[in-house]
Amino acid sequence: MQRIVFTTTPGRIIDEIVHSASPSSVIVLADENTSRLVVPNIDSETVASAPVIIIAAGDEAKTITTASHVWDKLSALGATRHSLLINVGGGMVTDLGGFAASTFKRGIEFINVPTTLLGAVDASVGGKTGVNHGGFKNEVGVFNEARAVVLSTAFFNTLPQIELRSGYAEVLKHALLIGVDEVNRWLDYPIELFPYESNRLLGMIETGVNFKLHIVEQDPHEQGLRRCLNLGHTVGHAFESFALMRGTPVPHGHAVARGLVAELILSHLKCGFDGSWLHRLAKRILALYGNQLFTCDDYPTLLNLMHHDKKSVHGEINCTLLTAPGQFVNDFTVEDSDMCTALDIYRDLME
């Protein structure tokens, strides 16, 4: 089981973890932003002395071509099966870096150091790695846990508001799966205000991450229970891929937030999810993220993306739905007609 550390001194923790691993060499992976804004400011002897592989920023760079570039650089740096890769960045870096490490020489160890709220609560924890392929999110990848994940709000002061809001969507998803009190706590948290309360935020993140770890421990390869963590993602991934196809990419968390609204509409229609919760959540999400514009003419494209989602077993649309906060139904098969109805209501509700 990977080690998860919540800390205000990430550099010291990184040095301790690397010392205990005793690798033959250490390499840092970062994107163009984190290599400039974060890596030089990590108070770590290990990071300061390690070579840095720099990749392009943004989800468009999360490809097999970029992974191949990382493999080439690892080879050029003389990395062996006993080397260790430190992934410093958001979810794109930890996903791609974890995949590159898991496949280089049949697998080398890696540490994730998420620098975004989204990466901290979602991508860096749970053992999922991968790249996008063929226009689909995370189409190629493996399950492989990092040796350790170092979680700290110390990095968030480099984040623009758009990135903080992206992470907020994932913690709101966790809150909906945990229960009423947690939903209220996050709906009342002013993520749009800066500076944030770092200790309070770190504690709130810890609650969500521990919930995810509890789920992952019971279902590490997403065969059943873990699918609850896909709440908002069937529609959210379709929204995200649709935006990429149109040349107007949106951050992952923004697409997931809007996907949450659509899937809570389905929860209301099919599972009796309370309408007052739906309206309250939709109002908050609209205020933070705005609307994703599409028309009924775009429904066939969106439905096609949902049918090709990796959660689909026989080409059907599968969603996680809620009967109430903290009470979820996995693998709910949604008919195309019901999804179109939900998209109609979504467009009205998110005006």
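At Asp274 and Trp71, where each label point lies 7 Å from the Cα along Cα→Cβ, what is the point-to-point distance in nanometres?
5.2 nm
Provide the net charge surrounding Phe104, with neighbours chosen by a C-beta distance below 14 Å and charges set as Lys +1, Arg +1, Asp -1, Glu -1.
Residues close to Phe104 contribute a combined charge of +2.
Which stretch or stretches of the range 92-111 have amide N atoms under 15 Å from the point lying 7 Å from Leu37's Cα along the Cα→Cβ direction?
What the label zone holds, given the 15 Å backbone N cut-off, is 92-93.
Taking θ as phi - 60°, what are the ³J(HN,Hα) couplings along the range 133-139 by the Karplus curve (6.51, -1.76, 1.60), each to the nearest whole Hz, with x for Gly and Pro?
Ordered by residue, 3J(HN,Hα) equals 7, x, x, 10, 5, 6, 6 Hz.
Classify the range 120-218 from the C-alpha gyration tensor, please: rounded if a/c falls under 1.5, else prolate or oblate depending on whether a/b exceeds b/c.
prolate
Once phi is turned into θ = phi - 60°, what whole-Hz ³J(HN,Hα) does the Karplus curve with 6.51, -1.76 and 1.60 give for every residue of the range 201-217, x standing for Gly and Pro?
Per residue, the Karplus-derived 3J(HN,Hα) values read 5, 4, x, 5, 5, 4, 4, x, 5, 5, 4, 4, 4, 4, 5, 5, 4 Hz.
List the residues, sorted by chain then number, that are 5 or more residues from His133 or on another chain and whose placed amide H is less than 5 Å from its amide H.
Amide H neighbours of His133, under 5 Å, 5+ apart: Asn138, Glu139, Val140.
Sequence gap at least 6, Cα distance under 8 Å: using those rules, report the relative contact order of the chain to the nearest whole percent.
14 percent
What is the antiparallel percent of DSSP beta bridges lying wholly in the chain, to the nearest 5?
30 percent
Suppose we keep just the DSSP beta bridges with both residues in the range 78-204; what percent of those would be antiparallel, to 5?
Taking every DSSP beta bridge within the range 78-204, about 25 percent pair in antiparallel fashion.
Ranked from highest to lowest mean number of other Cβ atoms within 10 Å per residue, what is the order of the peptides 270-280, 299-309?
Listed from highest to lowest mean packing, they are 299-309, 270-280.
Roughly how far apart, in whole Å, are the Cα centres of the range 58-104 and the range 227-304?
For the range 58-104 versus the range 227-304, the Cα centre distance is 30 Å.
Using alpha-carbon pairs under 8 Å, 6+ residues apart, how would you state the relative contact order of the range 213-351 in percent?
29 percent
Where both residues lie in the range 5-148, what percent of DSSP beta bridges are antiparallel, nearest 5?
Of the beta bridges lying entirely in the range 5-148, close to 15 percent run antiparallel.
Whole-Hz ³J(HN,Hα) for each residue in the range 277-291, computed from phi via Karplus 6.51 cos²θ - 1.76 cosθ + 1.60 with θ = phi - 60°, x for glycine and proline: what do you get?
5, 4, 5, 5, 5, 4, 5, 5, 5, 4, 5, 8, 10, x, 9
Determine the shape class of the range 199-351: with a ≥ b ≥ c the square roots of the Cα gyration tensor eigenvalues, call it rounded for a/c under 1.5, and otherwise prolate if a/b is greater than b/c, oblate otherwise.
rounded
So for the pair Arg3, Val329, with labels modelled 7 Å out along Cα→Cβ, what separation do we get in nm?
Going from the Arg3 label point to the Val329 one covers 4.4 nm.
Using the Cα centre of the range 14-112 as the reference point, and only Cβ charges (+1 on K/R, -1 on D/E), how large is the resulting charge dipole? Debye, rounded to the nearest 20.
400 debye
Kindly identify the range 291-340 as rounded, prolate or oblate by the Cα gyration tensor criterion: order the square roots of the eigenvalues as a ≥ b ≥ c, call it rounded if a/c is under 1.5, otherwise compare a/b with b/c, prolate if a/b is larger, else oblate.
oblate
Where is the GNM fluctuation largest for the chain (alpha-carbon springs, 10 angstrom cutoff): Glu139, Glu163, Glu240?
The residue with the greatest mean-square fluctuation here is Glu139.
Given charges of +1 on the Cβ of Lys and Arg and -1 on the Cβ of Asp and Glu, with all other atoms neutral, how large is the dipole of the range 150-229 about its Cα centre, in debye to the nearest 20?
100 debye
Between Ser198 and Gln218, take the C-beta separation as r, use R0 = 30 Å, and let me know the FRET efficiency to the nearest 0.05.
It comes to 0.45.
Please get the size of the charge dipole for the chain, origin at its Cα centre, with Cβ charges of +1 on Lys and Arg and -1 on Asp and Glu, quoted in debye to the nearest 20.
That gives the chain a dipole magnitude of about 600 debye.
How many nm separate the modelled label positions at Arg81 and His314, each set 7 Å beyond the Cα in the direction of the Cβ?
4.2 nm
Applying a 10 Å radius around every beta-carbon, put 331-342, 28-39 in order of their mean neighbour count, most first.
Ranking, from highest mean packing down: 28-39, 331-342.
Rounded to the nearest 0.05, what FRET efficiency do Asp298 and His19 have when you use their Cβ-Cβ distance and R0 = 51 Å?
The computed FRET efficiency comes out at 0.45.
We did not get these values from a lab; they are worked out from the coordinates using the rules stated. Because the structure is a prediction, the values reported are computed rather than measured. No Cβ is skipped: glycine too gets one built from the backbone with ideal geometry, and neighbour counts run over all protein chains shown.
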